[in-house]
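First comes the structure, then the notes that go with it.
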Amino acid sequence: MNRRHFLKNTAGALAGGAALTGHVSAQPPPQPADADALTTERSGADCMVDVLKQIGLEYICANPGSSFRGLHEAIVNYGGNSKPELITCLHEESSVAMAHGFAKIDGKPIGVMAHGTVGLQHAAMAVYNAYCDRVPVYIIVGNTLDATERRPGVEWAHSVQDASSLVRDFSKWDDTPVSLEHFAESAVRAYQLAMTPPMGPVLLVADSELQERPLGADFKLRIPRLALTAPPQGDTAAIVEVARMLVAAETPVIVADRAARTPAGLASLVQLAETLQAAVVDQGGRLNLPSRHPLNQSAQSRAVISSADVVLGLELTDFWGTVHTYRDQLHRSSQSLLKSGAKTIAISTRDLGVKANYQEFQRYPELDLMVSGDAEASLPSLVDAVKTLVTAGRRRVFDERGKKLAAASRAAYDRSRADAAYAWDASPVTTARLSVEVWNAIKGEDWSLVSSLNPISGWPMRLWDFDRQYQFIGGSGGSGIGYTAPASAGAALANRPHGRLTVTIQPDGDLMYAPGILWTAAHHHIPLLSVMHNNRAYHQELMHLQRMANRHNRGIDRAHIGTTIERPNIDYAKLAQSMGVYAEGPIENPADLAPALRRAIAVVKRGEPALVDVVTQPR
Amino acid sequence: MLSCVVVGLSARPIGGELNQPLQGDVDRGNQTFTRVGCYQCHGREAQGASTGPRLGPGPIPLASFTRAVRTPRADMPPYTVKVLSDAELADIYAFVAARPRPRMPQW
């Protein structure tokens, strides 16, 4: 008897508990006697859908694959294609990056389905980005572990002994359940672990036999209760010591990178900074402090760090790099920015999730005080401890310090406005002009900028007024190119029920990794405004080529080889239009940009994606 | 816009080999600025970016400019005379010096 049929006919209890390995006949199946032998009303995948519904996955992003066909079918039929709803992606990297962007807006993971082999191989880079960015992504990979159950040919090529091993170095947790009960328990555990700081991507293998296992009508799967873990706070005594050092400091600087996971985190950091009247440098992993807050000194980070007597780092990616300069010349060298006697403190979950192989943990920072704990969760107790220690005398010192910092912040903003005016009418369009035109077009809306600022010289943070946590979500984490377009679509999907206008400044090279995300946005009516930063190059790499060529005294005449995206130029408007997205461009005259943006925003406000292609300066 | 600018007003000539000031040509400087890749970090109008500061109008004194190009202190790739002649550097200086001062846009 065929194993799957055997299980259907041997009651739910056995179906739920049978292991994948063991006493299974590999004999050819007999010819079915009737239709009942060919069909079943329930399958294991139905139970998996029950689990996914219970843990609250709102969407599942997937490019279809036979190794999870059972689960796919159960989602759209048994589950009614609602919570989770299937989002059709044209590349597994897009699926994961969409989930990455969604989680940074919504705070919760959504699902991804992929083949355990070729799908996960496609997805791997995006998994790495999510891992580096400390973002929860819930990945289910299909596989057929039992060799005797595999169809000849492709299914063998798409099967693997240990599917998750491919990304285990850069994911938080994974499991390969061998029963439906095991699936339920591990599914709940995976969600819990993904959401515990330091957050990260998790994987669950859904074996095809478990998915397609016929179940009796009376089979009921017990799904464990999900309880999210309270994030770890810094040790109480250590937090008091941090407060003491900050209150005693004359020029304290707070540096934040991925500190504010939620609006509460941003509010707590504002409270800490204002209590101390301390300088804050926002490194932009998330929006940690309003961009125009008078204590925001990000525009002069090097100056404030080099004059600090205490530097507090909150969830920094790279503390060492924060307090050093680095010179990338023939002989590499570095220098500390810190003045003599300056003290360094970190509050971070970074060391709680560190792994060995991939080196994203950066150089050892040699701190004076390291507090393991989630910065956002630790901030309220730190604020309380600081308030307890502040005397009237210190308050007067803080107030004077705050006035100077506010003046410096105003001056930096005025400088940025003046700097943005240079080459205002240039063609290609400057990134400053691009940023100003986008700002003018969106500032009256409830907006959310969901792309990294590095490719456009950080202009939005210098010129726009960011004051809500969802208005900026940082970059990719691992700098794996191909993140921006799908992550922006995911962020826009999360912003959609709130009616927010989601904007991305879309680098050209990034879009071309998997441009099919434009189709996904059109198909699922995801309102996203993509403004192309079309500098027609992988410009970071072009600069690296120039550095090498100059270093070797060979000139840069050939630095464009392998680094530029021209001859022919890509017509991004046509590309988008071909996939059902409203699009205009290429725009080379900056005067044409404002009206194009107005037209595109009207489309987005109707609930559809739109793209404006702008030919831009390199940075 | 100026079509050419006399550079080398300081006592130190560009590149250290020439004793007479060089006369830079703005148009040639524009072409060279693009050809040797200055625009990659500083923008096509030398307006500056996160990757390199604004160079003009009102560039730093020529001697400092020359040192910064030939033997940069920070991350900038060094341009020796093998890849950028003194005359070409003079043209570039003329180009950045001739960049127009901006009007403050209304926004």
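A few comments on the model shown:
- Listed peptides A:76-83, A:157-164 appear in the order A:157-164, A:76-83 once ranked by packing, highest mean of other Cβ atoms within 10 Å at the front.
- Annotation: lysines with alpha-carbon distance below 16 angstrom to residue A:53 (same-chain offsets under eight excluded): A:83, A:108, A:220.
- Sites residue A:334 and residue A:156 - FRET efficiency at Förster radius 60 Å, r taken between beta-carbons, to 0.05: 0.75
- With 27 Å as the limit, the listed pairs A:343/A:404; A:172/A:605; A:104/A:355 have A:172/A:605 beyond it between alpha carbons.
- As a calculated quantity, the FRET efficiency between residue A:443 and residue B:103 at R0 = 22 Å, using C-beta atoms, amounts to about 0.50.
- Residues residue A:574 and residue A:236, FRET efficiency given R0 of 51 Å [Cβ-Cβ distance, rounded to 0.05]: 0.25
- Under the Debye formula (equal points on every Cα, no solvent term), log10 I(q)/I(0) of chain A at q = 0.06 Å⁻¹: -0.36
- Full extension of the chain between residue A:53 and residue A:426 yields a length gain of 129.0 nm, computed as 0.36 nm times the residue separation minus the alpha carbon distance.
- Over all other residues within a Cβ to Cβ distance under 10 Å of residue B:42, the charged ones net out to +2, with Lys and Arg as +1 and Asp and Glu as -1.
- Its relative contact order, with pairs defined as Cα atoms under 8 Å and 6+ residues apart, puts chain A at 14 percent.
- Span-rule helices in chain A, defined as complete DSSP H runs reaching 15 Å or more along the axis (Cα) with Kyte mean at least 0.5: A:44-55, A:118-132, A:236-248, A:263-276, A:375-389, A:431-442, A:484-495, A:593-605
- In segment A:535-619, the GluC sites (Glu not before Pro) that fall in loop regions by DSSP, at most 16 other Cβ within 10 Å: A:566, A:588
- For residue B:82, a cut-off of 18 angstrom between C-alpha atoms picks up these aspartates and glutamates, skipping any fewer than 8 places away in its own chain: A:557, B:17, B:91.
- Comparing the full protein assembly with the isolated chain, the residues of segment A:513-544 losing at least 40 square angstrom of accessible surface (1.4 Å probe) are A:543.
- Cα centroid separation, segment A:408-443 to segment B:26-88 (Å): 22 Å
- Ratio of the Cα radius of gyration of segment A:236-410 to 2.2 N^0.38 Å, where N counts its residues: 1.00
- Both chains summed, the buried accessible area for B and A stands near 2900 Å², from protein heavy atoms and a 1.4 Å probe.
- Available extension along the chain between residue A:267 and residue A:217 is 12.9 nm, counting 0.36 nm per residue and deducting the alpha carbon span.
- The label-point distance for residue B:23 and residue A:81, in a model that sets each label 7 Å from Cα toward Cβ, rounds to 7.5 nm.
- Spatial offset of segment A:188-231 relative to segment A:490-557 amounts to 34 Å, using the alpha carbon center of each.
- Where a label projected 7 Å from the Cα of residue A:369 along Cα→Cβ would reach, residues of segment A:225-247 with amide N under 15 Å: A:234-247
- Other-chain or far-sequence residues with amide H under 5 Å of residue A:613's (modelled H): A:532, A:584, A:585, A:587
- Dipole check for segment A:3-212: with +1 at the C-beta of Lys and Arg, -1 at the C-beta of Asp and Glu, and the Cα centre as origin, the magnitude is about 260 Debye.
- Rounded to 5, the percent of DSSP beta bridges in the protein assembly as shown classed as antiparallel: 15 percent
- Solvent-accessible area, 1.4 Å probe, carbon plus sulfur percent, for segment A:47-193: 50 percent
- Length available on full extension from residue A:414 to residue A:591: 0.36 nm per residue minus the Cα-Cα distance, which gives 61.4 nm.
The values are calculated or read from the model by the stated rules, or taken from the named source; none is laboratory data. Since the model is a prediction, treat every value here as computed from it, not as a measurement. As a convention, Cβ positions derive from the backbone with ideal geometry for all residues, glycine included, and neighbour counts pool all protein chains shown. Heavy atoms of the whole protein, side chains included, go into the accessibility calculation; ligands, DNA and RNA do not. Shrake-Rupley method; radii C 1.70, N 1.55, O 1.52, S 1.80 Å.
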